[in-house]
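Peer 1: This is the structure, below, for whatever I ask next.
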Amino acid sequence: MQILIDGKDVSDFVTVGSCIHEDSVSGRSDALSVSFNDDTDSKTNWREWNLIKGTEIEIHTEQFESGSMYVSRISVADGRFDVRAQSVQNRAWDESTQSYEDISFFELLQEGAKAMGLTLETYNLKNYTYQCVIRLKQNWPGFLKQRCMLEGAGIKIYNKKLIVFDEKSFESSSPVGTINVEDFSCQPEFVTSDDVLRAVHNRYRTVDRVIDTSVGSGIAYGKGVEVEVSCSSIGESRRFTKNIMREKNKNEYRASGVVAGCEFSAGITVRLVGSVWGSFAGIYFVDRVVTDMLHQSQRLFMRKLIVGDY
């Protein structure tokens with residue numbers, strides 16, 4: 001395991017007790033938790049590092065790379081020196097209010113990436129234009145997560161990059177691997193959501209008219225909801241309401257489990273095979289991965305691919 005702190009390799013001067021990386025494409029920052037032995041007589045002496053919040057840290061193994069991350073919390077207790085890091089700098093969480101007129105989706109993403117000190121990468125997105133968008137007392141990660149949800153896009157922050165992609169395109173890609181019953185280290189967990197939607201009704205009043213649209217999923221046991229989402233046309237309203245419904249219903253079937261190795265990452269699809277799983281078997285989109293870099297194992301959090309016109 002190689003550990004870099006502000007670009008300096010400290011691998012020979014530390015004793016690692018645990019190293020956990022959380023990889024997500026659900027709009028939140030990736031996270032890294034590292035625990036070092038705190039013993040002044042050992043080779044680990046964090047007191048000489050002058051480690052502070054915002055310090056860059058990066059960890060590599062043969063199978064996995066954390067990417068550049070920023071220290072957000074430091075603690076010392078019970079003979080341990082613990083470091084928590086995130087994939088964005090603390091300034092990304094600053095809240096502010098700003099309005100935009102005649103701005104495109106890509107321009108919003110680019111402005112957010114710049115404000116967070118990131119480079120923008122996009123995949124298979126349509127560059128819609130908005131008449132008016134208001135960021136009201138929001139930080140950039142939260143604001144972009146909401147906007148991407150309305151456009152059916154996934155968002156990931158990794159290695160100083162803001163990565164935004166069309167979810168349906170990524171879901172339709174070929175599975176990167178097959179997971180059989182025996183591949184799980186322990187019994188996986190499966191669950192269905194009781195919060196799916198049958199219909200979404202958006203009613204928004206502009207300066208000179210009322211925009212009123214509804215979309216349905218055909219799920220008889222789902223519930224109907226009413227929203228008031230800012231929009232400038234019927235087409236935009238239908239697109240937004242459809243993606244609001246997708247955001248809820250895509251999590252109807254979920255699974256999680258631990259596998260050996262570190263080959264998977266968030267944002268890929270895998271195939272779960274096994275008659276013992278019944279209707280839960282099939283292709284899943286991995287939206288979160290917790291990697292134990294010390295013991296070379298991963299807990300996968302997945303959702304079964306959504307069926308229907310979303």
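The values are calculated or read from the model by the stated rules, or taken from the named source; none is laboratory data. None of these values were measured; they are calculated from a predicted model. All Cβ positions, glycine included, derive from the backbone under ideal geometry; neighbour counts span all protein chains shown. Protein only, heavy atoms only, side chains kept; ligands, DNA and RNA dropped before computing areas. Shrake-Rupley method; radii C 1.70, N 1.55, O 1.52, S 1.80 Å.
Peer 1: Of Lys53/Lys248; Lys53/Lys168; Lys137/Lys160; Lys114/Lys223; Lys8/Lys248; Lys137/Lys248, which pairs sit farther than 32 Å apart, going by alpha carbon to alpha carbon?
Peer 2: Violating the 32 Å Cα-Cα cut-off are Lys53/Lys248; Lys53/Lys168; Lys114/Lys223; Lys8/Lys248.
Peer 1: Another question, if that's okay. Which of these values of Cα Rg over 2.2 N^0.38 Å was calculated from the structure shown: [x] 1.12; [y] 1.98; [z] 1.22?
Peer 2: It is the value labelled [x].
Peer 1: Students often get this wrong: which residues of region 241-259 have the backbone nitrogen under 20 Å from the point 7 angstrom along Cα-to-C-beta of Ser297?
Peer 2: 255-259
Peer 1: Could I ask something else about it? Taking all protein chains in place and a 1.4 Å probe, what share, in percent, of the accessible surface of region 1-152 do carbon and sulfur account for?
Peer 2: Of the solvent-accessible surface of region 1-152, carbon and sulfur hold 43 percent.
Peer 1: Figure the gain on full extension for Val225 and Asn180 (residue separation times 0.36 nm, minus the Cα-Cα span) and round it to one decimal in nm.
Peer 2: 12.4 nm
Peer 1: If you roll a 1.4 Å probe over region 196-285 with all protein chains in place, what percent of the accessible area is carbon or sulfur?
Peer 2: Carbon and sulfur atoms account for 51 percent of the accessible area of region 196-285.
Peer 1: Let me ask something else. Give the ranking of Met1, Met149, Met69 by solvent-accessible surface, highest area first, calculated with a 1.4 Å probe.
Peer 2: Largest to smallest exposure gives the sequence Met1, Met149, Met69.
Peer 1: Show me the ranking of peptides 182-194, 131-143, 268-280 by mean Cβ neighbours inside 10 Å, starting with the highest.
Peer 2: Descending packing order for the listed peptides: 131-143, 268-280, 182-194.
Peer 1: Label Ile234 and Glu263 with points 7 Å out from Cα along Cα→Cβ: what is the distance between them in nm?
Peer 2: In this crude spin-label approximation the distance works out to 5.1 nm.
Peer 1: Just report the Cα centroid separation between region 100-157 and region 233-310, whole Å.
Peer 2: 23 Å
Peer 1: Which order do the peptides 297-304, 60-67 take when ranked by the mean count of other beta-carbon atoms within 10 Å per residue, highest first? Mind dumping the intermediate values first?
Peer 2: Numbers: 297-304: 21.0, 60-67: 16.6.
So the order, starting with the most tightly packed, is 297-304, 60-67.
Peer 1: Okay, next question. What number comes out for the charge environment of Met302, summing +1 per Lys or Arg and -1 per Asp or Glu over other residues with Cβ under 9 Å away? Provide the component values of the computation, followed by the final result.
Peer 2: Working: positive: Arg254, Arg288, Arg303, Lys304; negative: Asp287.
Counting the neighbours of Met302, the net charge comes to +3.
Peer 1: Same structure, new question: Give the relative contact order (percent, whole number) for the chain; include only Cα pairs under 8 Å separated by 6+ residues.
Peer 2: 17 percent
Peer 1: Provide the net charge surrounding Ala153, with neighbours chosen by a C-beta distance below 10 Å and charges set as Lys +1, Arg +1, Asp -1, Glu -1.
Peer 2: Cβ neighbours under 10 Å give a net charge of +1.
Peer 1: Something else: Counting only heavy atoms of protein chains, what accessible area per residue, in Å², does the chain have with a probe of 1.4 Å?
Peer 2: 50 Å²
Peer 1: Taking θ as phi - 60°, what are the ³J(HN,Hα) couplings along region 300-310 by the Karplus curve (6.51, -1.76, 1.60), each to the nearest whole Hz, with x for Gly and Pro?
Peer 2: 9, 10, 9, 10, 5, 4, 6, 10, x, 7, 10
Peer 1: Still on this structure, I have one more. Taking θ = phi - 60°, what integer Hz values does the Karplus form 6.51 cos²θ - 1.76 cosθ + 1.60 yield along region 50-60, in sequence order, with x for Gly and Pro?
Peer 2: Karplus-based 3J(HN,Hα) across region 50-60 equals 6, 6, 10, 4, x, 4, 7, 9, 8, 10, 10 Hz.
Peer 1: Let me ask something else. From the backbone phi of region 150-160, what are the Karplus-calculated ³J(HN,Hα) couplings (6.51 cos²θ - 1.76 cosθ + 1.60, θ = phi - 60°) in whole Hz, Gly and Pro given as x?
Peer 2: Ordered by residue, 3J(HN,Hα) equals 5, 9, x, 10, x, 9, 9, 10, 8, 6, 6 Hz.
Peer 1: Also, I was wondering about something else. Taking 0.36 nm per residue of separation and subtracting the Cα-Cα distance, what length does fully extending Ser99 through Arg271 add? Before the final figure, lay out the partial values.
Peer 2: On the way: separation 172, 0.36 × 172 = 61.92 nm, distance 4.33 nm.
Additional length available on full extension: 57.6 nm.
Peer 1: Something else about it: Using per-residue counts of other Cβ atoms within 10 Å, averaged over each peptide, order 91-98, 78-85 from highest down.
Peer 2: For the peptides 91-98, 78-85, the packing ranking is 78-85, 91-98.
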